[in-house]
Ligand code: S3P
């Protein structure tokens, strides 16, 4: 599986060349930000923050409920407050919500916090994951209505279309990431391992435990 994955460091003049305080994972809903980010944090010995969970804890409400009861613009406001409140954090992997990067001030905050990593998973693959996991689909208010489509093939097609459109709108920003991990059919474990290797290779992390943790990967 791992051979199907590519990673690249972006930009002719890389924005970063020294170890960073944090790793910020960006990308579309369902691309694997939380699972890959959590595993990468574990290998690096970093803390892990899922921005949506952080918001849910502070609001004492799920993201879907916030969208349904208070609307998307309210969600974007509190998302922005949450991003701002993370400034100054160190030694964390942060999994962002798929739309958090659109706001220019959020983007600036992420860039100030550390290295940004785009987990570039294809819309077809994300749609496949959501078709086989309805619970996860229902947690995404921007896609949840498609959970009502009982024809699985049609649901897969509609999800792919919706995700392609959303990624298309946001791609210019996603492409600005410091590291792009293009990952089609691999597991969270192989993606996390690939990510940590890339970060070490590019000199973005220098944690004494990371190399050893990669060696011990089988036991993680
Ligand atoms: C959103 C992505 C979600 C969540 C909210 C909006 C988006 O996070 O923040 O439903 O606009 O793409 P995930 O990317 O973790 O699903």
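The values are calculated or read from the model by the stated rules, or taken from the named source; none is laboratory data. None of the values given here were measured: they were computed from a predicted structure. Here the Cβ is made from the backbone with ideal geometry for all residues, glycine too, and neighbour counts use every protein chain on show.
Close Cβ contacts (under 8 Å, 6 or more residues apart or on different chains) running from residues in region 168-189 that are more than 19 Å from residue 115 (Cα to Cα) to residues that are outside any loop (DSSP other than H, G, I, E, B) and more than 16 Å from the ligand (Cβ to nearest atom) comprise 184/4; 184/5; 185/4; 186/2; 186/4; 186/5; 186/194; 189/217.
Among the residues of region 73-92 satisfying the criterion of being touching a residue at least 12 places away in the same chain (Cβ under 8 Å) and within 14 Å of the ligand (Cβ to nearest atom), which is nearest to residue 110 (Cα to Cα)?
The selected residue is 83.
Would you mention how many residues in region 143-160 are touching a helix residue (DSSP H, G or I) at 6+ places or on another chain (Cβ under 7 Å) and either within 16 Å of the ligand (Cβ to nearest atom) or in a loop (DSSP other than H, G, I, E, B) (or both)? Matching residues across region 143-160 total 7. Restricting attention to region 6-35, which residues are within 16 Å of the ligand (Cβ to nearest atom), more than 20 Å from residue 206 (Cβ to Cβ) and in contact with a strand residue (DSSP E or B) (Cβ under 6 Å, 6 or more places away or on another chain)? Listed by number, the residues that qualify are 26, 27, 31, 32, 33, 34.
The single condition among (1) on the phi < 0 side of the Ramachandran plot; (2) at pLDDT 70 or above; (3) not in a helix (DSSP H, G or I) that residue 185 does not satisfy is (2). Inside region 100-134, residues that are within 13 Å of the ligand (Cβ to nearest atom) and either out of contact with any helix residue (DSSP H, G or I) (no Cβ under 9 Å at 6 or more places or on another chain) or within 20 Å of residue 173 (Cα to Cα) (or both) make up a count of 11. Looking only at residues in region 41-65 that are more than 16 Å from residue 110 (Cβ to Cβ) and in contact (Cβ under 8 Å) with a residue 60 or more places away in the chain, the one that is nearest to the ligand (Cβ to nearest atom) is 63. Tell me yes or no: at least one residue of region 79-92 is buried (at least 17 other Cβ atoms within 10 Å of the Cβ) and touching a strand residue (DSSP E or B) at 6+ places or on another chain (Cβ under 6 Å). Yes, region 79-92 contains a residue that is buried (at least 17 other Cβ atoms within 10 Å of the Cβ) and touching a strand residue (DSSP E or B) at 6+ places or on another chain (Cβ under 6 Å).
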